[in-house]
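Colleague: The following block contains the structure, expressed as structure tokens.
The values are calculated or read from the model by the stated rules, or taken from the named source; none is laboratory data. Being a predicted model, the structure only gives us computed values, none of them experimental. So basically every Cβ, Gly included, is an ideal-geometry build from the backbone, and we count neighbours across all protein chains shown. Side chains are part of the model used for accessible areas, which takes the heavy atoms of the whole protein and leaves out ligands, DNA and RNA. Shrake-Rupley method; radii C 1.70, N 1.55, O 1.52, S 1.80 Å.
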Amino acid sequence: MKRKTHKLPYLFVIFSIFSAFISHGTPSILSAEDTMNVDEIMPGMKGYGKTVFTGGRIEIFNVEVLGILRNWEAKSNMILIRMSGGPLEKTGIIAGMSGSPVYISNRLIGAVAYGWSFAKEPIAGVTPINEMKDTLLNIPSREKGTLPVSGWDIPSLSQDSLITPSATTAMIPPEVSDYDAGKTTLTPILSPLAVSGVESDILQKMQPFFHAYGLYPVQGGSSAPHPDNPERSRLVPGASVAAILIRGDLSAAVVGTVTYVEGDKVLAFGHPFLQTGNADLPMASAYVYTVLSSQSNSVKMASPVEIVGRIHQDRRAGIAGILGESPRMIPCHIEVEGSQRLKYNFEIVNNKLLTPSLTLMAAQSAVLSTERKVGEKSVRITLSAHIEGREKPVVIENVFYELDQPWFSLNHIVQPFTMIINNQFRDVHLTSIDLKISVLDFRKTAYIESIRVDKKQVKPGDTLQVDVCLKPFTGEKFYQTVFMRIPEDTLPGSILNLTACDATYGQTLNLGRSAGKYFPTNFEQLVRYVENMERNNNLTVRILLAKKGLTYKGEGFPSLPASMLSIMSYSNYSGIGPLFDEVVSRIPMEYVLNGNQTIPISVK
């Protein structure tokens, strides 16, 4: 009897050593009986968790259960734990620990996922593993791609129409732009966004956007060297995992921890990334250089190692990936021509929310890495978006004058690009993005000073010579001649207004004279609107005619017979609006133009 009573302690020691050996990186696949339900967990229970603090080695930290927050969110429970061991007493909860598996009696209870900013103790919230499995494993991997996010209003874009304090905050939906790092509510642990090839000033401007989605941007390397031990790059519970957003000359990856592996299925994070539902992100192993301690948010300094699969689910309980699958990313090429000529080639994640913002970040960084930050600049930008199933790319082009606003012009290009990929008419699958940016380190602007005509009275069918006086900044004034033909059916005795104007005033006239044409009702109308927005270097001369027409569902009908015009005007169908007919001529200039002038012309 005596020998039997001593057998259990020896067996317990052997089992504990074996468990510790498993926890330090030996691959293991958990099955359903290796997990523990919330109802079995009691306050005071002790266990351990697994995560990576340095390199690729999985280490153990201690855990004590404080209690269960039942139904803390709808149909969701939260396990409260106190962590200790390793660097946790000094660092508190570490950004990048999201997903770290927690065990009691060698049974998995869930993933470290929630915490409080500025907390003095490493107290965390654990997402129960069975909720993660029920939410993420029972949803089949659907067709690669993401669901559309909420639509964006169509702005009137020109040189002066949308000046904002920051381009990045303009790209953030208002409901997510009020991030407060100091709030004391239980929130998802911030995930490190390891970024390389991006200017620090740009990262600073993008922080409100990233923080709104629980991301903590830190500068790092594009990819870590292969570990000496290939086994450490495998995705096993406790290993570091990365969701890649950009790879190539620029890179960005979100780092977390693997919670559970079942065959080729991987669960991680324990909280949502963006909560897009269906996702299509590269899943990679990651290498941790060190842990940076901070009173606000300690963070793992990490980089991705190699892509091993695809993240296909991003939901409230965490993210789910499949090993061996390849996601579809969008090739992106940026060429900057200025004091230097540099090219950037990279791939960007295929996501309707992230793609425009990450493109903006990459373009801003590309410009600032070669051109001056402070001072006057003249900028020409051309963005070509190639869309699957469409022969010609969508081309958005404009020129700008900047003074200490490196984000300004790029934001005016990326906003219409955002409207295209988030349109309400059809799914858009981008096959590539090309962005060309030319920068001159001096001001090229001119003011429309006056206009003169060769005759004040015209007859229907006449050709009118219009001379527009332009005054360049610090330069000599000159005249640009434009010939305008008066239509044959112009009403004799009418007074015509002739206007020479810049893009801002021209866009205002467009909306006042034919507003219906600028509310598209199908995808091709939207593309036409985006590609034909008033450009800041166009000298626009317009003659407003007395003749009226109609717009119907985004199309203009300027020359309807009087009978048809009368019938349509009183139609009981929606989508009909007024159209004031005009003759328009646009002359591209080498200057960014400002100002407007008007002169009346009488018809004999």
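Colleague: Identify, from the list 409, 357, the residue that is closer than 26 Å to residue 442 by Cα and among the polar types (S, T, N, Q).
Modeller: Details: 357 fails: closer than 26 Å to residue 442 by Cα.
The unique qualifying residue is 409.
Colleague: Given (1) in a strand (DSSP E or B); (2) surrounded by fewer than 22 Cβ atoms within 10 Å (Cβ to Cβ); (3) in contact (Cβ under 8 Å) with a residue 40 or more places away in the chain, identify the lone condition not met by residue 342.
Modeller: Failed condition: (3).
Colleague: Still on this structure: Can you go through 598, 540 and tell me which one is modelled with pLDDT of 60 or more, among the β-branched types (Val, Ile, Thr) and surrounded by fewer than 15 Cβ atoms within 10 Å (Cβ to Cβ)?
Modeller: 598
Colleague: Taking into account only those residues within segment 442-466 that are touching a Phe, Trp or Tyr at 6+ places or on another chain (Cβ under 6 Å) and in a loop (DSSP other than H, G, I, E, B), which is most open to solvent (accessible area, probe 1.4 Å)?
Modeller: In this case the residue turns out to be 443.
Colleague: For the condition of a type in the set (Val, Ile, Thr) and out of contact with any Pro (no Cβ under 8 Å at 6 or more places or on another chain), what is the one hit in 276, 259?
Modeller: Numbers: 259 fails: out of contact with any Pro (no Cβ under 8 Å at 6 or more places or on another chain).
Answer to the selection: 276.
Colleague: Where residues in segment 58-110 are among the small types (Gly, Ala, Ser) and buried (at least 18 other Cβ atoms within 10 Å of the Cβ), which of them is nearest to residue 288 (Cα to Cα)?
Modeller: Per the stated criteria, the residue is 96.
Colleague: Can you tell me which residue is most open to solvent (accessible area, probe 1.4 Å) among those in segment 409-441 that are out of contact with any helix residue (DSSP H, G or I) (no Cβ under 7 Å at 6 or more places or on another chain) and part of a helix (DSSP H, G or I)? Steps first, answer last, please.
Modeller: First, pick out the residues of segment 409-441 that are out of contact with any helix residue (DSSP H, G or I) (no Cβ under 7 Å at 6 or more places or on another chain): 409, 412-413, 415, 422, 424, 427, 429, 431-432, 434, 436, 438, 440-441.
Subsequent filtering for residues that are part of a helix (DSSP H, G or I) retains 409, 412-413, 415.
On the way: 409: 2, 412: 9, 413: 5, 415: 35 Å².
The extreme case among them is 415.
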